[in-house]
Amino acid sequence: MKDNYDLVVIGGGPGGYEAAIRAGQLGMSVACIEKRVYKGEPALGGTCLNVGCIPSKALLDSSHRYEATKHDLAEHGISTGDVAIDVEQMIERKENIVKQLTGGVAALLKGNGVDWLQGWGTLVDGKGADKQVKFTALEDESESTITAKNVILAAGSVPIEIPVAKTDGERIVDSTGALDFTETPKRLGVIGAGVIGLELGSVWRRLGAEVVVYEALPNFLAAADKDIAKEAGKMLKKQGLDIRVDTKVTNAEVKGDEVVVTSEKNGEASEESFDKLIVCVGRRAYSEKLLGEDSGIELTERGLIDVDDQCKTNLDGVYAIGDLVRGPMLAHKAMEEGMMAVERIHGDKMQVNYDTIINVIYTHPEIAWVGMTEQDAEAAGYEVKTGSFNLAANGRALAQSEAQGSIKVVADAKTDRLLGMHAICAGAGDIVHQGMIAMEFVSSIEDLQLMTFAHPTISEAVHEAALSADGRAIHAIQRKKRKKK
Ligand code: FAD
Ligand code: NAD
């Protein structure tokens, strides 16, 4: 093991490993320190590849196929006989995907000349030109000191725990536990109707669980555009997710082989029992063992590492990225920040555009957005114009049995500039990339109106939404009333 590097990255999640690879490409000497052990083996890839984005999407895909095969094929004239799900096989598939990807990251680090140090990294002193990092090896807990010209802190986040529902890894679990149920619970409770609650709640509902989701806030999906959130609430409820807003869980206790949940709405308490309870009320930055007492790093009031919009901390040559710092906790945000930090260290001028970070909730249909919601734009003082188009009138959506949901555009009425795009429809996560690209190029609604979209595609609904902002959608009735002579 070397004891001196151009760059030490602490954390091998999507933010950290992408930074390390880019630095390797640029010819720097790089070490990436990662302490994760997944199913008995040291593992790269962080939350995202091991217990986050990828495994959850694997289960979402399996459960969607099961539900669609069971319920949606008859109208196509396809008969299947009995359809069954083997949960253990589904989980094994998920594990194989995780292994393939985390192994792939290890190969990429090696191929780019990055040393993967398996253990804990602690920034002991980041103030001078030579930063001091303590490395504690997983294998034997031996400690050594590494010096580095630059350090990137990329230690990520962990689930928030709440005292009223302490996880026991068996009946009351966090998102990690909910990716590994060996059978479908008959009754599943979920605390938090956020991204994880909706995604993992959907997985187990599709496989047959009765799912109750408790949400403390009065508004469902408060961060989404209000029209899209309303539509999402209706659709998910229709699918069978029993979402209870404005409802606070005050206690959860394991009694025998059940979890008894007490909740409160409008001052009235009620009790319900479940086989399993998932606690997913958000995540918190993880900085345990990351910073020595004399590291010199400043934190924000909320305990995040304080950085500017280029991910620079208060110390020269020390950067922090991803879930450890301000902004949404998203893998693609972490990755771009990792890339930006390295480009900056190298003397280049990359800048993440925080206004165009896409959000996707991988329910079916997907819910996705980029830029401002209608309410954000109004609050920011814009004179707002919007346009939307319903997928019920989109030929491709109908042909695919996906004629549900809508696409909405939000624009500045004075300049016609596109400010946001919001979608709830099949493939919404891909669709809103059109909005992201358009916003990056400061496009107007008219730009979108004048482009030729292929027929028949779901993307045509983007075109129609833009047309509808000026009352010109073709497959919707938007005729101006004739003035009486
Ligand atoms: P992490 O991925 O958390 O990686 C940090 C790594 O640092 C960890 O592996 C940790 O072991 C290591 N580490 C911490 N401290 C030390 C130390 N002192 N020394 C050495 N190593 C250390 N985001 C999306 O964009 N799309 C999704 O679909 C999505 N789905 C998700 C589903 C679930 C169930 C969950 C839980 C999260 C999901 N996320 C998703 C969020 C996404 O996983 C995170 O935003 C992303 O992983 C953050 O990347 P990161 O590199 O900042 O941190
Ligand atoms: P979240 O912030 O999305 O949702 C948590 C929800 O729990 C909120 O609606 C909140 O009001 C509610 N809540 C908080 N305390 C509560 C309580 N005591 N009782 C009832 N409700 C309560 O958090 P999450 O779903 O845990 O996800 C964590 C992070 O992981 C998110 O910030 C997200 O960025 C990331 N993630 C992203 C994806 C994706 O991009 N598709 C998927 C999963 C996770």
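Only the coordinates and a few stated rules stand behind these numbers; no lab work does. Only a predicted model underlies this, so the values are computations on that prediction, with no experimental measurement involved. Virtual Cβ from ideal backbone geometry, glycine too; neighbours counted across all protein chains shown.
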For the stretch 166-281, size of Cβ-based charge dipole, Lys and Arg +1, Asp and Glu -1, in debye = 380
Calculate how many DSSP beta bridges within the chain are antiparallel, expressed in % of all such bridges and rounded to the nearest 5.
-> 65
Give, rounded to the nearest 20 debye, the magnitude of the charge dipole that the stretch 357-468 has about its Cα centre when Lys and Arg contribute +1 at Cβ and Asp and Glu contribute -1 at Cβ.
-> 140
With the dipole of the chain defined by +1 on each Lys or Arg Cβ and -1 on each Asp or Glu Cβ, the option from Met439, Tyr66, Ser295 whose Cα lies farthest towards the positive pole is Met439
Loop trypsin sites (Lys or Arg not before Pro), the stretch 385-429 (other Cβ atoms within 10 Å of the site Cβ: 14 or fewer; DSSP) | Lys414
Add -39500 (n - 2.57) for each DSSP H run of 4 or more in the chain, then divide by its residues: what number comes out at 222 nm, to the nearest 500 deg cm²/dmol?
-> -9000 deg cm²/dmol
Considering every pair of different Cα atoms, what Kirkwood radius, in Å, is found for the stretch 99-143?
-> 12.4
Fewest-first sequence of Lys248, Lys35 by Cβ atoms within 10 Å of each Cβ | Lys248, Lys35
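Length gain on complete extension for the stretch Val158 to Leu108, per 0.36 nm per residue less the alpha carbon to alpha carbon distance? Numbers along the way, then the final one.
Details: separation 50, 0.36 × 50 = 18.00 nm, distance 2.53 nm.
Separation in residues times 0.36 nm, less the Cα-Cα distance, equals 15.5 nm.
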Mind listing P(r) for the chain? All alpha-carbon pairs, 20 Å bins, whole percents.
-> 22, 50, 27, 2, 0
If you place +1 on the Cβ of every Lys and Arg, -1 on the Cβ of every Asp and Glu, and leave all else neutral, what size is the dipole of the chain about its Cα centre, to the nearest 20 Debye?
-> 1960
Within 10 Å of each residue's Cβ, count the other Cβ atoms and sort Cys311, Cys48 from fewest upward.
-> Cys48, Cys311
Identify the trypsin sites (Lys or Arg not before Pro) of the stretch 64-107 meeting these criteria: DSSP loop state and at most 10 other C-beta atoms within 10 Å of the C-beta.
-> none
Toward the positive end of the charge dipole of the chain, about the Cα centre and with charges on Cβ (Lys, Arg +1; Asp, Glu -1), which of Ser273, Ala106, Gly27 goes farthest?
-> Ser273
Run the numbers on the chain and let me know its relative contact order in percent, using alpha-carbon pairs under 8 Å that are six or more apart.
-> 14
Over the stretch 166-281, the quotient of the Cα radius of gyration and 2.2 N^0.38 Å is 1.00
Provide Rg over Rh for the stretch 219-312; use the alpha carbon set for both Rg and the Kirkwood Rh (inverse mean inverse pair distance).
-> 1.12
Rh (Kirkwood; distinct C-alpha pairs) - the stretch 357-468, Å | 13.7
Just in the stretch 272-316: which trypsin sites (Lys or Arg not before Pro) are loop by DSSP and have at most 10 other Cβ atoms within 10 Å?
-> Arg302
Percentage, to the nearest whole number, of Cα pairs in the stretch 280-390 over 18 Å apart | 62
Find which of Tyr5, Tyr382, Ala465 sits farthest along the positive direction of the dipole of the chain, computed with +1 on the beta-carbon of Lys and Arg, -1 on that of Asp and Glu, about the Cα centre.
-> Ala465
